[in-house]
Every structure is written in structure tokens, then in C-alpha cells.
Amino acid sequence: MKLMISFFLAAGLAAAGGRANSGISAEQDKPDEAKPSKNQTPGSSSPGPQADFAYKIGPQDMLQIDVWKEPEITRLVPVRPDGKITLPLLNDVQAAGLTPMELASIISDGLKKYINNPQVTVSVSTINSRRVYVTGEVTKPGAFPMLPNMTVLQALTSAGGFTQFAKIKSIYVLRTESGKQTKIPFSYKAVVEGKKPEDNIELQPGDTVVVP
């Protein structure tokens with residue numbers, strides 16, 4: 001009797017273990033299609049900040065036009081003062097005032113007459129249409145391409161720093177809005193020491209940093 005009970009108990013445990021192992025296998029065999037990629041944001045089809053897509057191309061910008069598997073068309077082109085670029089097959093294409101994505105779509109549509117399913121990418125390699133100016137007692141006064149989120153301190157660094165005659169307590173930014181010029185003080189020493197970070201404002205196109 002004891003032998004029979006031991007036999008049935010062992011058989012029951014073996015069956016339970018088999019069912020448990022079968023469940024683990026089925027879980028591992030489930031497709032991973034519902035799991036988002038580590039590098040992909042849910043709801044987005046491609047990586048990259050949306051802020052890049054909002055930039056409006058302007059005259060004198062340098063654009064990198066990439067057409068997949070079409071090296072004869074892929075090239076670096078300048079935006080002319082009239083706002084247009086020149087490409088093979090398409091001749092003149094309006095670029096100024098468009099985002100890189102919008103321009104890529106227009107180029108792709110135009111190339112469909114000559115190429116099957118053209119894949120076009122447009123990137124701004126050099127921003128020349130958006131400039132800020134640094135004048136006065138700095139090493140290299142002049143116009144500088146405006147970088148994303150460029151601050152007063154960054155503009156001063158681009159200008160090579162101060163001369164020995166600079167009055168760093170009197171630095172200010174000239175900004176024109178709606179036809180009116182505004183003077184914005186900049187406390188260089190306080191900003192560098194971290195006491196007034198709010199003075200290190202983001203510049204706008206056309207701003208002039210003045211170092212008396």
C-alpha cells in the first residue's frame with residue numbers, strides 16, 4: 001500500500017512539474033513585438049528632438065542634401081540670397097522659410113519623376129542666416145552664427161574674450177522688437193560667479209552684445 005501511494009505521489013509531482021515547465025516555455029515563445037525599443041519613444045517613428053524639425057531655413061545657410069543611393073544628387077549646397085537652392089534634375093528649389101523636413105518632402109516629390117521612391121534627407125550643416133553680433137572691447141568683434149540656445153556668455157566667448165580696456169561692469173545687449181530698440185544689462189561678474197544666472201539670457205537673431 002505504501003509503495004502504491006509513493007508511486008501515485010511521484011507521478012503527480014512529475015505531471016505538475018511538466019505543466020510548470022510548459023508554461024515557462026510558452027511565455028518565452030511569446031513575440032516581443034509589443035515591447036518598445038530602448039531607443040524608440042512610444043508614438044514616434046524616428047529619434048531626434050522635435051526642436052530640430054522646427055528650424056526655418058534662411059538665406060546663406062548651408063544644406064546637406066542626401067538622396068539614398070543617388071551620389072550624383074547628394075551634395076552640400078548653399079541657400080542663395082533669393083532663398084533658393086540648385087539641384088540636378090530639379091534646377092531651382094525654394095528653401096528659405098521651410099523646415100528641413102518640408103524641403104526634403106518637396107525634393108522627394110520632384111525626384112519621383114526620375115527616381116523610383118526617392119529617400120531624401122535634408123540637414124542644416126551651417127547656420128548663416130541667423131546671426132548675433134558682438135562689438136566693442138572684445139578680441140574678435142563681428143557677426144557670429146547663432147547656435148541653438150546661444151547665451152550672452154557664449155557669444156562673448158565666440159568673440160575671443162575682452163581686451164584690457166573692457167568695462168565688464170557695463171556690458172549690455174541691444175535688441176530690436178517691433179521696431180523698438182531695448183537695452184538689456186548683463187552682469188558679467190555675477191553671471192560667472194553663479195550669482196545672477198538669469199542675466200545670461202538666450203540671444204535672439206539680430207541681437208548685439210556691446211562691451212564698452
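Read-outs throughout are calculated quantities, based only on the coordinates presented, and are distinct from any laboratory measurement. The model shown is predicted, which means the values in this text are computed figures rather than measured ones. Cβ: placed from backbone, ideal geometry, glycine included. Neighbour counts: every protein chain shown.
With the simple model of a label 7 Å out from the Cα in the direction of the Cβ, residue 117 to residue 190 spans 6.0 nm.
Summary of the geometry: the stretch 86-161 and the stretch 66-84, compared by the centres of their Cα atoms, lie 12 Å apart. Run the numbers on the stretch 119-203 and let me know its relative contact order in percent, using alpha-carbon pairs under 8 Å that are six or more apart. Result for the stretch 119-203 is 24 percent.
For the cross-link pairs 140/167; 56/196; 140/180; 167/189, which exceed 23 Å when the distance is taken from alpha carbon to alpha carbon?
Distance filter (> 23 Å) returns 56/196; 140/180.
Highest mean first, the peptides 147-155, 129-137, 162-170, 176-184 sorted by other C-beta atoms within 10 Å per residue fall in the order 129-137, 147-155, 162-170, 176-184. Evaluating kT/(6 pi eta Rh) at 25 °C and 0.890 mPa s, with the Kirkwood radius of the stretch 73-146 over Cα pairs in the Stokes-Einstein relation, gives 172 µm² s⁻¹.
Specify whether the C-alpha gyration tensor of the stretch 90-212 places it in the rounded, prolate or oblate class, a ≥ b ≥ c being the square roots of the eigenvalues: rounded for a/c under 1.5, otherwise prolate if a/b is larger than b/c and oblate if not. Judged from the Cα gyration tensor, the stretch 90-212 comes out prolate (a/c at least 1.5, a/b above b/c).
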